[in-house]
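Structure record follows, encoded as structure tokens.
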Amino acid sequence: MKIRNRHLVRAAGQLGAVVAKSLVRSLSLRTHFLGPDVGDGRGQLSDRFIYSIWHEKLLLPAARFGGPDLAALISSHADGQILGGLITAMGMEMVLGSTTRGGIEAVRQLIRPDVRWKHLAITIDGPRGPRRVVQPGVIYIASRTGMKIVPSGVGYCRPWRMKSWDRFAVPRPFSRARCVIGIPMAVPAGLRSAALEEQRWILQAEMDRLNAAAEGWAATGKLQLEPVRSPGSRRLAS
């Protein structure tokens with residue numbers, strides 16, 4: 001059900017932002033970058049980035065790394081409306097669209113010359129799943145805009161889980177949290193069908209690898225990364 005009162009949406013977003021930021025500040029957080037610092041250091045880089053996050057792990061990256069130079073791709077679903085209020089209250093911009101519908105509207109907004117933000121954050125398995133399955137829209141957006149995709153892994157130690165399609169994770173206050181941020185991934189321009197799927201699989205494999213590493217690091221206190229899987233290993237497995 002949509003909340004039609006925009007003042008109520010704004011108030012809920014502001015309250016949610018205060019709670020989320022307070023929670024994240026309490027965490028024992030460490031971040032490991034496999035490439036350049038595309039977090040706090042992104043302002044020193046000339047590239048534009050698409051930050052790829054699983055829907056269930058959005059809370060920490062939005063509260064910790066969100067800013068006016070970053071927009072979030074938000075769906076028009078009811079949960080997207082509430083999430084949009086939270087994102088706006090955190091000082092970020094919104095781009096309406098969906099990775100499951102090809103990202104066409106997002107591309108239109110991304111290429112406008114008057115936008116105030118530089119980078120985009122996408123929950124790449126949202127807005128409705130399947131959970132932890134990369135949707136092709138993010139590849140389409142990167143291919144059409146030239147923005148580089150930054151895969152990311154987020155892990156919490158024994159988080160609370162919501163009874164939602166993504167089992168949304170809420171970290172326990174003062175617990176251990178870890179982020180593993182991958183090397184920015186350049187996607188060739190003008191990709192179609194089979195080529196889009198190959199790039200989608202590459203991103204899927206890297207998201208799986210980074211999230212396994214972040215979750216293991218949060219649980220054990222030790223960072224261990226599996227080797228990168230190549231597209232050839234997918235063909236052999238199939």
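Here are some residues: Gly35, Gly43. Which one is among the small types (Gly, Ala, Ser), more than 24 Å from Cys157 (Cα to Cα) and assigned to a helix (DSSP H, G or I)? Checking each option against the conditions leaves just Gly43. In segment 17-76, of all residues being hydroxyl-bearing (Ser, Thr, Tyr) and surrounded by fewer than 15 Cβ atoms within 10 Å (Cβ to Cβ), the one that is nearest to Asp125 (Cα to Cα) corresponds to Ser76. Within segment 119-167, the residues that satisfy the criterion of being open to solvent by 60 Å² or more (accessible area, probe 1.4 Å) and in contact with a strand residue (DSSP E or B) (Cβ under 8 Å, 6 or more places away or on another chain) are Lys148, Trp160, Arg161, Met162, Arg167. Considered as a group, the residues in segment 1-24 that are among the β-branched types (Val, Ile, Thr) and farther than 15 Å from Ala62 by Cβ include one that is modelled with the highest pLDDT, and that residue is Val9.
If you go through segment 168-179 and keep only what is touching a strand residue (DSSP E or B) at 6+ places or on another chain (Cβ under 9 Å), surrounded by fewer than 20 Cβ atoms within 10 Å (Cβ to Cβ) and either charged (D, E, K, R) or outside any strand (DSSP E or B) (or both), you end up with Phe168, Arg172, Phe174, Ser175, Arg176.
Go through Leu196, Leu191, Leu203 for me and flag whichever is open to solvent by less than 10 Å² (accessible area, probe 1.4 Å) and either at pLDDT below 95 or in contact with a Pro (Cβ under 8 Å, 6 or more places away or on another chain) (or both). Before the answer, list the steps.
Values: Leu196 fails: open to solvent by less than 10 Å² (accessible area, probe 1.4 Å); Leu191 fails: open to solvent by less than 10 Å² (accessible area, probe 1.4 Å).
Exactly one residue qualifies, and that residue is Leu203.
Within segment 143-196, the set of residues being within 19 Å of Ile124 (Cα to Cα) and in contact with a Ser or Thr (Cβ under 8 Å, 6 or more places away or on another chain) comprises Ile149, Val150, Pro151, Ser152, Cys179, Val180, Ile181, Gly182, Val187, Pro188, Leu191, Leu196. Selection of first residues in segment 15-33 that are among the charged types (D, E, K, R) and of second residues that are open to solvent by less than 70 Å² (accessible area, probe 1.4 Å), restricted to Cβ pairs under 6 Å at least 6 apart or on distinct chains, gives the following pairs, ordered by first then second residue: Lys21/Ala63; Arg30/Arg178.
The values are calculated or read from the model by the stated rules, or taken from the named source; none is laboratory data. The model shown is predicted, which means the values in this text are computed figures rather than measured ones. Cβ sites come from the backbone with ideal geometry, for glycine too, and all protein chains shown count toward neighbours. With ligands, DNA and RNA removed, areas are computed over all heavy atoms of the protein, side chains included. Shrake-Rupley method; radii C 1.70, N 1.55, O 1.52, S 1.80 Å.
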